[in-house]
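The next block holds one structure in the form of structure tokens; read it before the comments.
The values are calculated or read from the model by the stated rules, or taken from the named source; none is laboratory data. This one's a predicted model, so the numbers in the text were calculated from it and none came from an experiment. Cβ atoms come from the backbone with ideal geometry, glycine included; neighbour counts cover every protein chain shown. Just so you know, the surface numbers come from the protein's heavy atoms only, side chains and all, with ligands and any DNA or RNA stripped out. Shrake-Rupley method; radii C 1.70, N 1.55, O 1.52, S 1.80 Å.
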Amino acid sequence: WGRVVRTWSIRHTLALVLWTAGMVLFFYLDFTLVYVIVTALLGIFLNLGTRQPGTKSAYSVFNKGCEPIAGPAQTGTSDLGLLAMQGM
């Protein structure tokens with residue numbers, strides 16, 4: 001795990017100034033809540049990123065053949081394991 005250092009740049013400052021200017025404009029138009037919700041959703045969707053080819057999703061329904069990732073306990077396999085330990 002490498003250490004990630006993020007610095008505040010001119011780009012971040014410009015984005016904050018533009019977002020604040022938009023907030024002021026929408027405040028005068030009485031659409032402040034709409035502006036905040038829409039920009040929050042845009043921020044979420046623009047920062048989702050993509051998975052590398054060949055990597056699996058944590059949600060098995062998104063993997064080819066609904067294949068789960070290695071490691072986490074699963075309901076079906078733990079039930080079978082308990083039955084096997086009890087000799088049933």
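Here is a list: TRP8, TRP19. Which entry is part of a helix (DSSP H, G or I), over 19 Å from the mean Cα position of the chain (by Cα) and not charged (D, E, K, R)? Show your work before the answer.
Numbers: TRP8 fails: part of a helix (DSSP H, G or I).
Every option except TRP19 fails the conditions.
Which numbered condition trips up LEU25, out of (1) outside any helix (DSSP H, G or I); (2) at pLDDT 75 or above; (3) open to solvent by 90 Å² or more (accessible area, probe 1.4 Å)?
The one condition LEU25 does not meet is (1).
Considering only segment 1-22, how many residues are surrounded by 10 or more Cβ atoms within 10 Å (Cβ to Cβ) and either in contact with a helix residue (DSSP H, G or I) (Cβ under 8 Å, 6 or more places away or on another chain) or not hydroxyl-bearing (Ser, Thr, Tyr) (or both)?
From segment 1-22, those surrounded by 10 or more Cβ atoms within 10 Å (Cβ to Cβ) are 12-22; that's our starting set.
This time we only want the ones that are either in contact with a helix residue (DSSP H, G or I) (Cβ under 8 Å, 6 or more places away or on another chain) or not hydroxyl-bearing (Ser, Thr, Tyr) (or both), so: 12, 14-19, 21-22.
Result for segment 1-22: 9.
Given the conditions (1) of a type outside the set (A, V, I, L, M, F, W, C); (2) loosely packed, with under 11 Cβ neighbours inside 10 Å; (3) modelled with pLDDT of 90 or more, report the number of the one that THR32 does not fulfil.
Result: THR32 fails condition (2) only.
So, ALA73, is that one at pLDDT below 75, in a helix (DSSP H, G or I), loosely packed, with under 10 Cβ neighbours inside 10 Å and out of contact with any Pro (no Cβ under 6 Å at 6 or more places or on another chain) or not? Give the steps one after another, and end with the answer.
Working: at pLDDT below 75: yes; in a helix (DSSP H, G or I): no; loosely packed, with under 10 Cβ neighbours inside 10 Å: yes; out of contact with any Pro (no Cβ under 6 Å at 6 or more places or on another chain): yes.
Taking the combined requirement at face value, the residue does not satisfy it.
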